[in-house]
Each structure stands twice: as C-alpha cells, then as structure tokens.
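**Q** Here it is, the structure in full.
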Amino acid sequence: CRQRAAGKKKKSSAKVTITETAETTETFEDVTATADVPGRPLGREAQETASDRVYHWVGKSPEFGSKCFESLQRYFPDAMPAKVVHNRSRFVLEQEFGFEPGSTLLGSSFCPDEINNQGRDLPVVMRDYYGSVFPMGGLGGVPYVGETGFAAFSSHVADEGHILVAFGPHVGITEDGEVGKVLRKGQCCNSAACGAVTGAYGACCAGWTDSAGGDESGYDLQMDYIKRWVSPHVEAISRAENPMAALTHKSYEMVKDSMFASVNTNFGSGYLCLLGGITLNLGEKYPDHFFPLTFELRREGHETIDLLHEMRQLR
Ligand SMILES: [Zn+2]
C-alpha cells in the first residue's frame with residue numbers, strides 16, 4: 001500500500017446540476033477566526049439543513065452525520081458543491097451588474113493538481129461557461145504570474161468588458177473525515193491534498209527554516225515560496241484543534257494576499273470580480289465543494305462592492 005507524505009496529485013469526479021439554497025448560524029468570520037482554536041463547541045456540523053438533504057439526495061454532498069460531513073461543515077461551514085457557487089455567482093453578476101459570458105474574461109488561480117481540474121470542479125465549470133481561462137496559479141493556488149501576468153491577462157479584456165478571477169487553495173477530506181488527505185482514483189490509500197501546502201508544513205515542522213533550508217541550487221521556486229510563507233505560522237497551526245484545517249485557512253491568506261497584490265482595475269471601465277475561497281476535494285464519491293471567503297467587485301474610481309453576503313444567503 002503506497003504512502004505519500006507530500007503527494008502532488010489527486011483525483012475525484014462526478015457531475016452536478018444544482019442551483020442554490022442553504023442555511024446557517026455561524027459566519028465565515030467566526031470560523032476563520034476560530035478554526036485554529038481547540039475546544040470550539042459544536043457548530044454547523046451538528047445542524048442538518050434542507051440544502052444538506054437535497055445535496056445528499058442528488059448525490060452531491062456527504063450525508064449528515066457522516067465523518068466526512070462533520071469535518072466538512074465543522075471547519076468549512078456552509079461549503080457548497082462547486083457548481084452551486086458558480087451558479088450563484090453568475091446569477092448575481094448577470095442580474096445585478098450586467099455581466100455577460102461573451103464579454104467577461106475569466107482568470108483563475110488554483111493548484112494545478114488534477115483533482116481540481118475534473119468535470120465538476122469550479123475551474124472547469126467556469127471555463128466551460130465563459131469559454132476560456134487565463135490560469136494564473138501554481139502550487140498551492142498562489143498566482144505566481146504576479147503583477148506582470150495580471151497586466152498581460154487584463155489587457156485581453158473585451159472593450160467595455162469585465163474580468164472575473166476565481167482563486168484559492170484546496171484541501172482533501174476523506175470518507176473518515178481526515179482533513180488534508182484524499183483517496184485518489186485507482187489508489188488504495190489516502191494521500192496528501194494539498195500536497196504542496198502540507199508538504200511545506202511538514203518540512204517546517206521537521207526543522208526547515210528560510211536560512212537553513214535556503215538551498216538555491218535546486219529548482220523548486222514555488223515550493224520554496226510556500227515554505228517561506230508557512231514557516232512563521234507553524235507553531236500556532238500545530239496547536240490548533242485540527243492543524244490541517246487551520247493550515248488550509250492560513251494558506252487562503254497566502255493566496256489572497258498574493259492575488260490582491262497582483263491585480264488592478266486599470267484595464268478599462270468594466271468590473272474586476274474577485275471570487276475566492278477554499279476548494280474541498282471529497283474524492284471520487286462527491287464533487288468538489290467550495291467555501292467562499294471573498295466575493296467582491298472592484299472598478300476604477302469606485303468603491304469596492306462586497307458581495308459575500310450573496311453567498312451566505314444560500315442557506
Ligand atoms: Zn495542491
């Protein structure tokens with residue numbers, strides 16, 4: 001039986017056709033603020049909503065009461081099948097802000113792991129809908145193309161058109177509820193997901209430091225970036241109730257900060273929509289879920305419009 005301490009591949013699959021709905025009591029801020037605090041009382045994982053039942057009936061989400069459901073909703077409350085997030089975001093953008101698929105340029109920043117690029121996954125569903133995509137991401141979902149890459153990408157937007165960028169890290173959850181691992185197609189054992197982020201965390205726990213491990217002779221630029229970013233947070237993460245969940249929430253900040261540092265609104269008169277969150281890989285049995293953390297519109301000369309509440313209403 002194979003073991004992969006810091007695997008770099010994964011898989012899941014399926015097909016989705018869901019619209020929206022959901023409920024909850026805990027806010028996204030509550031969870032991200034407390035995901036690293038041990039002893040947190042029962043939360044969303046102890047509540048079964050109508051949406052949970054529907055998603056399970058149609059084969060899109062794990063059953064309420066299962067270990068997978070408990071980990072999914074405890075650490076990423078109200079995470080939804082990825083296609084539901086896509087449907088909701090396009091409904092809001094098209095109905096309220098005049099987006100049209102034909103004049104919207106799509107960018108993405110997700111980890112290249114193949115389990116994020118299967119039929120029901122957010123990057124694929126969005127690419128199919130918008131027609132093409134400019135992938136900005138590398139290991140861990142970090143937009144390594146940076147400011148130059150975004151400038152090139154954004155210069156391709158249609159006249160008067162809009163830009164939509166979806167981004168974020170990913171993490172596996174096994175059938176037994178283990179966060180940070182996933183069962184890949186054709187394999188008998190669970191392996192790491194995200195292998196890059198968990199591998200960086202493991203290296204730091206084993207003593208890697210920027211100075212001690214800064215061997216520039218090899219070619220591993222993206223992994224080096226993640227290790228440098230994770231290193232200062234390792235001690236706090238290791239004390240969390242679930243270090244892998246805490247690590248994932250922390251890695252969202254890594255991706256978001258890099259994305260926010262890369263983008264601008266100088267490309268024209270249209271909107272820049274940023275849709276960020278954490279992808280949950282649930283293996284072959286269920287489609288990826290998505291935990292939205294950023295959904296906002298920017299426009300040159302205008303105030304940023306926060307639309308995250310539109311995702312919270314899916315309850
Ligand atoms: Zn990954």
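**Q** Scan the range 132-148 for residues that are open to solvent by 50 Å² or more (accessible area, probe 1.4 Å), within 10 Å of residue 262 (Cβ to Cβ) and not in a helix (DSSP H, G or I) and jot them down.
**A** The answer is 144, 145.
**Q** If residue 204 satisfies every condition in (1) open to solvent by less than 40 Å² (accessible area, probe 1.4 Å); (2) in contact with a strand residue (DSSP E or B) (Cβ under 6 Å, 6 or more places away or on another chain); (3) outside any loop (DSSP other than H, G, I, E, B) but one, which is the exception?
**A** The one condition residue 204 does not meet is (2).
**Q** So which strands (runs of 3 or more DSSP E) are wholly in the range 149-196 and hold at least 3 residues that are away from the ligand (no atom under 16 Å from the Cβ) and under 30 Å from residue 102 (Cβ atoms)?
**A** Correct list: 162-167.
**Q** Looking at (1) in contact with a Leu (Cβ under 8 Å, 6 or more places away or on another chain); (2) modelled with pLDDT under 95, which one does residue 77 not meet, given that it meets all the others?
**A** (1)
**Q** For the range 91-119, which residues satisfy the criterion of being closer than 30 Å to residue 227 by Cα and either more than 16 Å from the ligand (Cβ to nearest atom) or open to solvent by less than 60 Å² (accessible area, probe 1.4 Å) (or both)?
**A** Within the range 91-119, 106, 107, 108, 109, 110, 111, 113, 115, 116, 118 qualify.
**Q** Considering only the range 54-90, how many residues are over 23 Å from residue 242 (Cα atoms), in contact (Cβ under 8 Å) with a residue 24 or more places away in the chain and either within 19 Å of the chain's Cα centre (by Cα) or outside any loop (DSSP other than H, G, I, E, B) (or both)?
**A** Adding up the residues that qualify gives 12.
The values are calculated or read from the model by the stated rules, or taken from the named source; none is laboratory data. Just so it is clear, the structure is predicted and the values come from calculations on it, not from any experiment. Cβ sites come from the backbone with ideal geometry, for glycine too, and all protein chains shown count toward neighbours. Only protein heavy atoms, including side chains, enter the accessible area calculation; ligands, DNA and RNA are left aside. Shrake-Rupley method; radii C 1.70, N 1.55, O 1.52, S 1.80 Å.
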